[in-house]
Amino acid sequence: MFGLNENDTQSADNNNSAQAPQASMMQSNPFADTPSPDPAPAPAPDPAPASDTPSEPAAPADSGAAASNDDNLLQLKEQALHSLQPLVGHLDQTPEERFKTTMMLIQATDNSSLVKDAYEAASQISDEKARAQALLDVVNEINYFTQHNGEAEPSA
C-alpha cells in the first residue's frame, strides 16, 4: 500500500532483533509516500573537563603523621609478638588452637625456630582431617623457610 510493502518491514523486524528497535520506529505514514524517520537521538553529555578531575587522589595534608602512626603501630606489634612468644605455652588452648596461634607467630615474625612447636601441636590434633591440614601447613612453612634461606645465600 502506498509504495511501501509492510511485509518487508515486518520481516526485517522478525529477522534481526538487533535492528528491531530501529525498524519498529520507522513506521510508514499512510498519508505520505516515504516513511518518516525517527527523530535524531539526543547528544551524549560531554565528559567533565580533564582539569576538573585529578588523575591521582590528593594526598592527605598530614601524611607524615599517618606514616609515623603506622610505624608506631608496627613497633608495638613487634613488641607484643616478642612478649607473647614465651607466654603461648601458658594459654589454655586446644591443640588446634595452639597450632593456629603458633602458625600466626611464625608467619608474623618469620621465626623458623617455632616450626617444631607448630609440628608438635599439629601432631596432637585429634581430628584426622584437621591434623592432616595442620601437618600440610607445617610442611609448607618448612618449604618457605628452606627456599627463602636458599635465596638469601649467594651461590659460589
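The values are calculated or read from the model by the stated rules, or taken from the named source; none is laboratory data. Keep in mind that what you see is a predicted model, and the values were worked out from it rather than measured. As a convention, Cβ positions derive from the backbone with ideal geometry for all residues, glycine included, and neighbour counts pool all protein chains shown. Accessible surface is based on the protein model in full, side chains and every heavy atom, while ligands, DNA and RNA are left aside. Shrake-Rupley method; radii C 1.70, N 1.55, O 1.52, S 1.80 Å.
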Q: Kindly check whether there is at least one residue in the range 67-83 that is surrounded by 10 or more Cβ atoms within 10 Å (Cβ to Cβ), in a helix (DSSP H, G or I), in contact with an Asp or Glu (Cβ under 6 Å, 6 or more places away or on another chain) and at pLDDT 90 or above.
A: no
Q: Being open to solvent by 90 Å² or more (accessible area, probe 1.4 Å), more than 29 Å from the chain's Cα centre (by Cα) and more than 17 Å from residue 93 (Cβ to Cβ) is the filter here, so list the residues in the range 117-154 that pass it.
A: 128, 153, 154
Q) Which of the residues that make up the range 98-116 are under 28 Å from the mean Cα position of the chain (by Cα), part of a helix (DSSP H, G or I) and not small (Gly, Ala, Ser)? A) 99, 100, 101, 102, 103, 104, 105, 106, 107, 109
(Q) Checking the conditions here, which among 33, 92 is open to solvent by 90 Å² or more (accessible area, probe 1.4 Å) and modelled with pLDDT under 55? (A) 33
